1. Restricting the search to segment 186-224, which residues are touching a strand residue (DSSP E or B) at 6+ places or on another chain (Cβ under 8 Å) and of a type in the set (S, T, N, Q)?
2. If you check every pair at least six apart or on different chains, which have Cβ atoms under 6 Å apart with a residue in segment 320-337 that is outside the structural domain of Tyr298 (by TED's automatic domain parsing) first and a residue that is surrounded by fewer than 22 Cβ atoms within 10 Å (Cβ to Cβ) second?
3. Looking at segment 320-356 only, could you name the residues that are farther than 18 Å from Asp385 by Cα, crowded, with 23+ Cβ neighbours inside 10 Å and out of contact with any Leu (no Cβ under 9 Å at 6 or more places or on another chain)?
4. Out of (1) surrounded by 17 or more Cβ atoms within 10 Å (Cβ to Cβ); (2) at positive phi, the odd one out for Leu362 is which?
5. Can you confirm whether segment 323-335 contains a residue that is away from the ligand (no atom under 15 Å from the Cβ) and farther than 24 Å from Glu294 by Cβ?
6. Among the residues of segment 227-281, how many are more than 16 Å from the ligand (Cβ to nearest atom) and assigned to a helix (DSSP H, G or I)?
7. Give me a count of the residues in segment 31-59 that are outside any loop (DSSP other than H, G, I, E, B) and either of a type in the set (Gly, Ala, Ser) or surrounded by fewer than 13 Cβ atoms within 10 Å (Cβ to Cβ) (or both).
8. List the number of the failed condition for Tyr392; all other conditions in (1) under 20 Å from Gly112 (Cβ atoms); (2) within 16 Å of the ligand (Cβ to nearest atom) hold.
Amino acid sequence: MKLICVNCNRELPPDMFDYQCSCGGLFDIIHDTSQLDADLLKRTFHERLSERMSPYASGVWRYKELIFPELPDEFITTKYEGNTGLYGSELLESYTGIHKIWLKAQSENPSGSFKDNGMTVAVSHGRSLGYDRFTCTSTGNTSSSLAMYASLAQASSYVFVPNKNISLNKVLQTIAYGAKVISFNGTYDDGIQFYERHSKELGFYICNSINPFRIEGQKSIIYEIAQYLNWSLPDWIIIPGGALSNVSALGKGLRDLKNLGFIDKLPRVALVQAEGARPFHKMFASGSSELSPEPSPYTRASALNIGNPPSWRKALRTLEETNGVTCSVTDDEIFNAKAIVDKSGIGCEPASAATVAGLKKLISQNVIDKDETAVCILTGNLLKDTDALNYYHFTNPQNAEYSNQILTAELTLEGIESYL
Ligand SMILES: *Cc1c(COP(=O)(O)O)cnc(C)c1O
């Protein structure tokens, strides 16, 4: 395993670990896969589907050979993350207009978001280096996930949260798992800058998405989709973008599958951002290759509320390699799409529904053909943001096309029959 800077290609000496290169670029983990036998691996991954109570029962560590082969099993901190459902939905096919859709419900992870796929690997790596203090700054889901794994590992977690535009549910979940939560006046980006400067003095292992081990873990999402579909992928993968770690991991995972010969052809990737926080979409749509940060991002999809996404260079590679596209959607489009995802029985938090809203938009613009097939990655759980549910269904803003009301009735046969 080697760490190479995605910006200047510098390679770190093998016994060193760092999050960021002296040039400011992020590190990418490169594995030597020349000794791997693809058929044997496929068989191994298949056999591990029947594991219970071992690290290989996890939907991340099932693919350990492609994620972190060197790690001794004793350091693995797992909650059998991954193993999430891949669902079809006629309701969502008719809502978006596509012929065939699957929803990959990363919302079913133990802490309720896809962050678990990466966090299990980062915390396990930190433990292997001897750390017992873990940190992140977060819009919510990263912190819940970190707090959960740190507690499982009997270590401490220190979580920096901006004091505005975050979901209360996520902070409560983080507190409940036992993290020390530090609320500060500033943005997500300020938090990252602070501990990039001070983490060494404080003895902190950093678990934000600048950590390349998070990206390695998140690759398992696309491995799992490919394995469930018998190593064939749909025409499109639709993914939301905030800090852009997930789209970076998606591209890296696809590259692995293609290089190993597990799949013949890469699907195209569509990255969807919220209109109020779309610096990457702006860059990509204008053909520029330098990202201009958005100084005051705002979207009600709190997990997408990021103006200066650290992983943009890795994300750009995913889009270039897959002949990908980007788009942005309004909060109203996100909330209406979310109402349909929820009503389908699958459910998700607002940021995840950006994928469905984006798919609908890209079909209406003829970028995606309705005869094609797509997987939308649902990143977080419906219960992650109950304020959003309250806002949509009860405080009843004008654009809540699919809001559902509580019915009031006399408990009489006629009273109830009038609602049937
Ligand atoms: C973190 C997160 C995102 C954004 O993923 P990035 O890797 O930051 O682009 C989207 N949805 C949910 C629910 C998240 O928790």
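1. Scanning segment 186-224 gives Thr187, Ser199, Asn208.
2. From residues that are outside the structural domain of Tyr298 (by TED's automatic domain parsing), there are no pairs.
3. Residues satisfying the conditions are Ser328, Val329.
4. Here Leu362 clears every test but (2).
5. Yes, segment 323-335 contains at least one residue that is away from the ligand (no atom under 15 Å from the Cβ) and farther than 24 Å from Glu294 by Cβ.
6. Number of matching residues: 7.
7. Of the residues in that region, 8 qualify.
8. (2)
The values are calculated or read from the model by the stated rules, or taken from the named source; none is laboratory data. Just so it is clear, the model here is predicted, and its values are computed rather than measured. Note that each Cβ is placed from the backbone with ideal geometry, even for glycine, and that neighbours are counted across all protein chains shown.
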